[in-house]
Amino acid sequence: MAAADAGLDSIVAGVRCRDVLADLSEFLDGNLSDDRVTTIRAHLTDCDRCARFGGDVAATLASLRSNLRVPPALAQEQSARLRASLRREQAG
Amino acid sequence: MPGEARVVSDARAVPDDDAGLLRRSASGDTAAFDIIVDAHSTSVSRFLTSLGVNDLEDALQETFIAAWQSAASFRGTGSVRSWLLSIARNVHRHSLRRRVDEPMEFVSLDALAERAGWGCDPAETRRADIAIARDELEHALAKLPVDEREILVLRELEELSGEETAQLLHLTVPAMKSRLHRARLHLAAVLRQADLPHTSTGSTHGRR
């Protein structure tokens, strides 16, 4: 567990929380080198705050993707007007 | 099985990829362009919505008319969808430049992380095991600055690659990543702030 009063400057498993935070997106996207992943995993194992936060951000993104990935359909009239405006353009 | 894909002879059903359809559109093939419109109008509409356009229908029509007019200029360096989204973005930027340029409050990444719950009491941490409702996410997205909203739509929802997104937004890949990271933290922060009145006021009433 990181020292509570050092906040984001806490160093756990040799890495500052702020640096883990900076790499969080790249970590979640799987874009980091194997070495960096190992280092961050070691930090997350011992740092509750970063581990919990990383889990929360990952869960938020998963919710975003699963709820909103499929775009809402256009209303039929909206589609028809889009098509009509294109037809006018294409005819001209 | 060979030939199976060509059983249907209707022009609308001939197998073709987007780039091929766009090439046909550039030669005046309106049926090919209709397929493009059908396939991508919902994505373009959502993207325009995320940018905060005033008149969605007008912007949608303008985007597809511009795409029809400039079909021959498609170079095939990215997907047709990202090309369409790029046109939509230009349409929006022309009509809403004042709004895009309006100053936003700058919040440091540290502050965003703390607002999003880093280091907070676990009892006040957002329920990671409970899915966030669709309307809650939509409201949170709507509260983000437009540049953060658009990058979340492009990367998380449209699933454009990092390179395509960077190209569309006229950013370097590292700058795109940096904006995406900020946008993700900001989204988490807005969601948590929306949740806080319930968690803090209800902390003594059964919140575990």
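Please treat every number below as a calculation from the coordinates, not as lab data. Everything numeric in this text was worked out from a predicted model, so none of it was measured. Because the Cβ atoms are built from the backbone with ideal geometry, glycine has one as well, and the counts that use them run over all protein chains shown.
On average, how many beta carbons from a partner chain sit within 10 Å of the beta carbon of a residue in A:64-77? Provide the component values of the computation, followed by the final result.
Numbers: counts 14, 5, 4, 9, 10, 4, 4, 12, 5, 3, 10, 2, 0, 1.
For peptide A:64-77, the averaged partner shielding equals 6.
Which net charge results for the neighbourhood of A:S66, defined as the other residues with beta-carbon distances under 11 angstrom from its beta-carbon, given Lys and Arg at +1 and Asp and Glu at -1? Intermediate values should be presented prior to the final figure.
Numbers: positive: A:R65, A:R69, B:R134; negative: B:E156.
Result for the neighbourhood of A:S66: +2.
Please work out the FRET efficiency for the pair B:T172 and B:K143, using the Cβ-Cβ distance as r and a Förster radius of 22 Å; give the result to the nearest 0.05.
Numbers: r = 27 Å, r/R0 = 1.22.
The pair B:T172/B:K143 has a calculated efficiency of 0.25.
Give me the net charge of B:L48's neighbourhood, meaning all other residues with Cβ under 11 Å from the Cβ of B:L48; Lys, Arg count +1, Asp, Glu -1.
For residues surrounding B:L48, the net value is -3.
How large is the Kirkwood hydrodynamic radius of chain A, in angstrom, based on all distinct alpha carbon pairs?
Values: mean 1/r = 0.0607 Å⁻¹.
Final number for the Kirkwood radius of chain A is 16.5 Å.
Between B:S73 and B:A133, 0.36 nm times their residue separation minus their Cα-Cα distance comes to what?
On the way: separation 60, 0.36 × 60 = 21.60 nm, distance 4.08 nm.
So the chain would gain 17.5 nm between B:S73 and B:A133.
List the cysteines of chain A that have no other Cys Cβ closer than 4.7 Å: which are they?
Isolated Cys, chain A: A:C17.
For segment A:48-92, build the charge dipole from Cβ charges (+1 Lys, Arg; -1 Asp, Glu) around the Cα centre, then report which of A:A62, A:A91, A:Q76 sits farthest towards its positive end.
Among A:A62, A:A91, A:Q76, the one farthest towards the positive end of the dipole of segment A:48-92 is A:A91.
Roughly how crowded by other chains is peptide B:148-157, in terms of the mean Cβ count from those chains within 10 Å of each of its Cβ atoms?
Mean shielding count: 2.
What is the order of A:T45, B:T30, fewest Cβ neighbours within 10 Å to most?
On the way: A:T45 12, B:T30 16.
Ascending Cβ contact count within 10 Å gives the list A:T45, B:T30.
Based on the Cβ-Cβ distance from B:D17 to A:Q76, what FRET efficiency comes out when R0 is 30 Å, to the nearest 0.05?
Working: r = 27 Å, r/R0 = 0.91.
Efficiency for this residue pair is about 0.65.
Under the definition of Cα pairs under 8 Å and six or more residues apart, what whole-number percent is the relative contact order of chain A? Could the numbers behind the result be given before it?
Numbers: 47 pairs, mean separation 22.1, N = 92.
It comes to 24 percent, rounded to a whole number.
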